[in-house]
Amino acid sequence: MTQYTAVHGEKVSLLRVLGPGHVWALGVGIVLVGEYMGWNFAVGKGGALAALIACWAAGMLYTCVAMIDSEVTSTVAAAGGQYAQAKHIVGPLMAFNVGLFLVFAYTMLEAANAITLGYLVQTVGGMAGFADTHDKPFIVLTIMFLAFLNYRGVYATLTFNLVITAIAFVAILILFAAVSPWTDNVLKPHELLNGLPYGWLGVLAAMHFGMWYYLGIEGTTQAAEEVRSPARALPLGTMTGIITLLIAATMTWYICSGLMPWEYLGQAVTPLFDAARLTGSTPLMVLLFVGTIFSTLASANGCINDASRAWFSMGRDRYLPQVFGAVHPKYRTPFRSIVFLVPVALVFAYFAPLDQVITFSILSGLLEYTFMAFNVLMFRKMWPLGTIKRGYVHPFHPLPAFVLLALCATTYFAVFLGYGTQLVAMMVFYIIASVWFAGHRYKFVKRGAQFTMPWPRPVGH
Amino acid sequence: MENLNNFQLLEYAAWGISALLGLWMLTDMIRTNRAHSEETLLSSKEGEIEDSLVIDPPHQGGHL
């Protein structure tokens, strides 16, 4: 491949090469690991039925997120996703906070995925009879390999995600067909379901982990500056993504809760793989193991893509040091942001406990969704329908925004029940970061140049 | 070396590949920073639809 040398006056930008399939792979790729592991802790909180209620309530939350996101991002076609939306619609302090929510949510999720992958390889080593195996080399390799892939170009990165995510999704479909859900030969839901052992409080507590079925689908917006047709590809990729996840989540619940008693399912590490083992079929076991590995890889890969775009956008507007706003002239990726976030992910993956890392990610995501509800209300008020061109208009406004707010409030309470200290600690962190931004960093921001959208003046301004 | 089992070899390989990938990214980043001006590297603008002024034409269209 020839290295071209830039001459004076030339510009480099991110490369517009992605289609709706890549957007789907980015969103579903980040999330699908939640079907393979994690969602089942909701069963431990309130029983299998509570996990199903949480699955659909969280599904409603994320359907609102996807619809709202699709409308706003089909208009604000810029890397940074919700950060860019906040900058244009709410203001700089909100944008700074949303940018941090994004970077932390994705970097923590990347670390959690790397920890999981290291654990899986270590487990395989143990099962193969090797003593004294370690997970750390594989944690580090996961992060370094995926950062390398991201560094070399977005097209290859998300095509890789498309292939491995599709395989992981098809593995769930095959398992669902293999357990013959239309008969009671394999699945025994009538024998295993036991109502709500902890009542409706258990359902509320299950909401914390119900989010795992879908956490990260909103990451599709980060591709806004790299898709060929933002107004078409982003809504199409995001909406097909949430439909895929709703199907995969419900199938996963039906397979697992029909095969395992809730006492086991509620604390299983790899429930879908365990379900395949219970069928007694070796090909299914291999398929679901591959699916587990691929879904974990796809999630970490998408997280690196999204965190680096958010960090890059903030650097480009000087919300952070401007050096992070650089684009690689050959690979056309935000290369400095990708490299900078590698040691951050390594530190968390190497030293932090898995549940703390995931909780930090979930809480950052929740803060982001709360912002999105307010954001869309302001967006429709300031730029009503007809004043600017939208690639997608979400229905029933403002109902989805209010449903989203109500579900976010419920989930905050659910997280508070289990991780109250972390919730407070994280709020304190974001308040301190906001004070730093307002008092020190804001004077460096390119105030005029940051608003690039060719929109008319907002109503009332 | 005779005490090493296959899994330990795999672990050393993982460390080695990680180090190589990290070194490659660092080296390329330093070389890129030296080969191009900051003005060029930071020339990206938010939400640009027009891609006509970019360098590296073979990468237009995403052919791999």
Failed item in (1) at pLDDT 95 or above; (2) closer than 28 Å to A:Thr75 by Cα, with B:Gly22 passing the rest: (2)
Within region A:398-409, identify whether any single residue is touching a strand residue (DSSP E or B) at 6+ places or on another chain (Cβ under 7 Å) and not aromatic (Phe, Trp, Tyr), and answer yes or no. no
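Among the candidates A:Leu173, A:Leu149, A:Leu158, which residue alone is within 14 Å of chain B (Cβ to nearest Cβ), out of contact with any Leu (no Cβ under 7 Å at 6 or more places or on another chain) and part of a helix (DSSP H, G or I)? Let's see the steps before the verdict.
Values: A:Leu173 fails: within 14 Å of chain B (Cβ to nearest Cβ); A:Leu158 fails: out of contact with any Leu (no Cβ under 7 Å at 6 or more places or on another chain).
Exactly one of A:Leu173, A:Leu149, A:Leu158 is within 14 Å of chain B (Cβ to nearest Cβ), out of contact with any Leu (no Cβ under 7 Å at 6 or more places or on another chain) and part of a helix (DSSP H, G or I), namely A:Leu149.
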Would you confirm whether or not region A:122-135 contains a residue that is more than 13 Å from every other protein chain (Cβ to nearest Cβ) and more than 20 Å from the chain's Cα centre (by Cα)? no
Between a first residue in region A:264-292 that is within 18 Å of A:Gly38 (Cβ to Cβ) and in contact (Cβ under 8 Å) with a residue 24 or more places away in the chain and a second residue that is surrounded by fewer than 20 Cβ atoms within 10 Å (Cβ to Cβ) and aliphatic (A, V, I, L, M), which pairs have beta carbons less than 6 Å apart while being 6 or more apart in sequence or on different chains? A:Ala276/A:Met285
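Across region A:124-146, what is the number of residues that are closer than 30 Å to B:Trp24 by Cα and not in a helix (DSSP H, G or I)? Show your work before the answer.
As a first pass, look at region A:124-146 and keep what is closer than 30 Å to B:Trp24 by Cα: A:124-125, A:133-146.
Checking which are not in a helix (DSSP H, G or I) leaves us with A:133-135.
Of the residues in that region, 3 qualify.
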Complete set of residues in region A:395-437 that are farther than 22 Å from A:Met94 by Cα, in contact (Cβ under 8 Å) with a residue 60 or more places away in the chain and of a type outside the set (S, T, N, Q): A:Pro395, A:Phe413, A:Ala414, A:Val415, A:Leu417, A:Gly418, A:Tyr419
Scope region A:430-461; condition aromatic (Phe, Trp, Tyr) and exposed (fewer than 15 other Cβ atoms within 10 Å of the Cβ); matching residues: A:Trp436, A:Phe444, A:Phe451
Please state which of the following conditions A:Val290 fails to meet, knowing it meets all the rest: (1) within 14 Å of chain B (Cβ to nearest Cβ); (2) out of contact with any Ser or Thr (no Cβ under 6 Å at 6 or more places or on another chain); (3) among the aliphatic types (A, V, I, L, M); (4) over 30 Å from A:Tyr419 (Cα atoms). (1)
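Quick grid of which residues meet (1) of a type outside the set (Gly, Ala, Ser); (2) within 14 Å of chain B (Cβ to nearest Cβ):
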| residue | (1), (2) |
| --- | --- |
| A:Ala298 | no, no |
| A:Asp306 | yes, no |
| A:Arg316 | yes, yes |
| A:Phe335 | yes, yes |
Among the residues listed as A:Thr107, A:Thr142, A:Thr123, the single one being modelled with pLDDT of 90 or more and either in contact with a His (Cβ under 6 Å, 6 or more places away or on another chain) or more than 21 Å from A:Glu225 (Cβ to Cβ) (or both): A:Thr142
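Can you find, within region A:18-57, the residue that is nearest to A:Thr292 (Cα to Cα) among those that are part of a helix (DSSP H, G or I) and of a type in the set (Phe, Trp, Tyr)?
A:Tyr36
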Test A:His208 against the criterion of being more than 14 Å from the chain's Cα centre (by Cα) and free of Cβ contacts under 8 Å to residues at least 40 places away in the same chain, and give yes or no. no
Is there any pair with a first residue in region A:446-458 that is farther than 14 Å from B:Ser44 by Cα and a second that is modelled with pLDDT under 75 whose Cβ atoms are under 7 Å apart and which are 6 or more apart or on different chains, and what are they? A:Met453/B:Gly47
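Name the residues in region A:213-231 that are of a type outside the set (Gly, Ala, Ser) and either closer than 28 Å to A:Cys256 by Cα or within 14 Å of another protein chain (Cβ to nearest Cβ) (or both), would you?
As a first pass, look at region A:213-231 and keep what is of a type outside the set (Gly, Ala, Ser): A:213-215, A:217-218, A:220-222, A:225-228, A:230.
Within region A:213-231, A:Tyr213, A:Tyr214, A:Leu215, A:Ile217, A:Glu218, A:Thr221, A:Gln222, A:Glu225, A:Glu226, A:Val227, A:Arg228, A:Pro230 qualify.
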Being touching a residue at least 60 places away in the same chain (Cβ under 8 Å) and buried (at least 22 other Cβ atoms within 10 Å of the Cβ) is the requirement here; does A:Leu93 meet it? no
Taking A:Glu225 and the conditions (1) under 18 Å from A:Gln85 (Cα atoms); (2) surrounded by fewer than 21 Cβ atoms within 10 Å (Cβ to Cβ); (3) of a type in the set (Asp, Glu), which numbered condition does it fall short on, given that it satisfies the others? (2)
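Among helices (runs of 4 or more DSSP H) lying entirely in region A:251-362, which contain 3 or more residues that are crowded, with 24+ Cβ neighbours inside 10 Å?
Details: elements: A:262-265, A:271-279, A:282-316, A:335-351.
In region A:251-362, the matching helices (runs of 4 or more DSSP H) lie at A:271-279, A:282-316, A:335-351.
The values are calculated or read from the model by the stated rules, or taken from the named source; none is laboratory data. All values reported here derive from a predicted model rather than from experimental measurement. Every residue, glycine among them, receives a Cβ derived from its backbone with ideal geometry; neighbour counts consider all protein chains shown.
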